[in-house]
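J.: Below is a structure I'd like to ask you about.
The values are calculated or read from the model by the stated rules, or taken from the named source; none is laboratory data. Since we're looking at a predicted model, the values are computed, not measured. Here the Cβ positions follow ideal geometry from the backbone for every residue, glycine too, while neighbour counts run over all protein chains shown. Areas reflect the complete protein model, heavy atoms only, side chains present, ligands, DNA and RNA absent. Shrake-Rupley method; radii C 1.70, N 1.55, O 1.52, S 1.80 Å.
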Amino acid sequence: MVSKYLYLLYDPLQELKKFYNESYYHMFGVELGSDQLTILWSSTVSIYCLGGLVGSLLVGPLTGSFLGRKWTMVSINLLSVSGALLMWNSKMQTSFQMIIVGRTIMGVHNGCAIMVVSMYLAEVSPPNLRGALGTTQGVFLTTGILVSQILGLQQILGSEERWPYLLGFYVIPAVLQSFCMMFLPESPRCLLIDKDDPEASRRALVKLQGAHINQYVYMQEMKTEHENELKEPKMSLLTLVKSRSLRPQLLICVVVWLGQQFCGSYAILYYSTSIFLSAGVPEEYSDYATIGVGGINVLTTVVFMMVVDKAGRRALLLWGVAIMVFSHAILTVTLGLTENLFCECGCQQGRWPSGVLDSAGACILPNATGDPNATMSAAAPFVNPYQWISYLSIVFAIICIIAFAIGPGPIPFIITGELFRQGARPAAFMIGGSVNFVANGVVGLVFPVLQARIGALTFLIFMAVCVLLCIFIAVKVPETSNKTFEDIQKLFGVQEDASGEAPNDISSDAYEGTTCL
């Protein structure tokens, strides 16, 4: 899954934009205007999310008895390879359309893969390690972000000659994943419940956890879930949406996925370089500052993996969002001051409190000797008296990233697989993935417009979202750590009736009782 975030080109490579202009002129004989180029580039970035939406809707049909979890992950890598080859070949063919089509195909692959991986990890993990193992996906996702930032440096693959290799790099993780998956077993739950093969399920369980485990306990837990599933119809996406009994779980799933995208952390990651520049970091160092944030993101996710099963999903989610509320409030103030502290002369070329304009309209700054007639070109090296505000912005941007990495970042991947039984799980991941990619596309399109129009006040919107999310988590989200899937269902009032049998109709009134909504 390292390939998932190699698409992060939101701090756009200037060489790619130059290529777009040259390709457009080559095809149509006219140059792109600035606004046209911005729209075309934004479309290229956002088309990935459209592909991701399509891919997430393929999760249900592919992962059941047709291919299963394992072979779905292997087969969809054909999409990853084909999309990467299209983008790699785009420069040779002078076609920006090949990049757009390639990113769309990559979106389909990643939209399906990210949900199937979450489902597979949830099903092969024992209850006491389900959180830690589920977080390994987040570790590799954040590692993918860091790798993309490093490879995108001008000195590595971000140059005019080498950027096609950056886009074609997808091939490497796709091939590696396909090769490694050949040696991994299918999900025991998928083999038993979806494919009705108890012996294959037992072999997969032994291969995953060793022959020393109490196989009876694990098989019995899966058989209990299987028996309950047999008394319920298989759930399609539409059936899950209509089910009143599963509405509490579905609402939690949708809200946490929306919160993950709209809490503002991905906006900081997407446009981190520009945020650092607006905060006053010199341009030659801004890319390295962004890479530093990516490294902190990876380290924080590793720490999260070690504590998630002890601290609990709900507590980490709640504290992470609460810290983000505070961080966004500080960022609104610090970035707002950075944007508005200019010379008294109003030239906005610096933040010197005593600058004035001469008769020609040039800014005059005092030099080291205090000579008021010294111009900017003759003045002493500029010293920004408000530099500490820029540093404060960076500190709280990093705190925001850390808070995201311990809560709203990885937990939606874990909790979506825990809230539903086997029959509803694929449909739940389809809905969660669709919400994820639609919200991702909205952030990618809307955030730069808001940043250009209202500047630092954008973070007030993110702060409001985090406040609402914090209230929702505190009131509605239960703790699922160290619980079996059947125990989690009981948290929502899904229990056997007096005769000892589960209800036959998934939307019957017997399911209506719930302790969460």
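J.: Between Asp197 and residues 5 or more places away or on another chain, which pairs have amide H atoms under 5 Å apart, with H built 1.01 Å from N, and which residues are they?
T.: Answer set, sorted by chain and number: Leu192.
J.: Here's another thing I want to ask about it. Looking at this model, which pairs from Lys70/Lys195; Lys18/Lys91; Lys223/Lys483; Lys223/Lys490; Lys70/Lys483 are more than 21 angstrom apart at the alpha-carbon?
T.: From Lys70/Lys195; Lys18/Lys91; Lys223/Lys483; Lys223/Lys490; Lys70/Lys483, over 21 Å: Lys70/Lys483.
J.: Please turn the phi angles of the stretch 413-418 into ³J(HN,Hα) values with the Karplus equation 6.51 cos²θ - 1.76 cosθ + 1.60 (θ = phi - 60°), one per residue in order, whole Hz, x for glycine and proline.
T.: Rounded to whole hertz, the list is 5, 6, 6, 5, x, 8.
J.: At 1.4 Å probe size, with no ligands or nucleic acids counted, give the accessible surface of His26 in Å², nearest ten.
T.: 130 Å²
J.: For the stretch 186-231, with every protein chain kept in place, what is the accessible area per residue (1.4 Å probe, Å²)?
T.: Accessible area per residue, the stretch 186-231: 51 Å².
J.: With θ set to phi - 60°, apply the Karplus curve 6.51 cos²θ - 1.76 cosθ + 1.60 along the stretch 207-224 and write out the HN-Hα couplings as whole Hz, x wherever there is a Gly or Pro.
T.: Result, ordered by residue: 5, 7, 10, x, 6, 7, 6, 7, 4, 4, 4, 5, 5, 5, 5, 5, 5, 4 Hz.
J.: Using θ = phi - 60° and the Karplus form 6.51 cos²θ - 1.76 cosθ + 1.60, what ³J(HN,Hα) does each residue of the stretch 318-327 get, whole Hz, x for Gly and Pro?
T.: Computed from phi, the couplings for the stretch 318-327 are 5, 5, x, 5, 4, 5, 5, 4, 5, 5 Hz.
J.: Order Arg244, Arg189, Arg162, most accessible first, counting only protein heavy atoms with a 1.4 angstrom probe.
T.: Sorted by accessible area, descending: Arg244, Arg162, Arg189.
J.: Here is a follow-up. Calculate the FRET efficiency for Leu153 and Val475 from the Cβ-Cβ distance with a Förster distance of 56 Å, rounded to the nearest 0.05.
T.: Result of the calculation: an efficiency of 0.80.
J.: What is the distance in Å between the Cα centroid of the stretch 438-468 and that of the stretch 281-308?
T.: 21 Å
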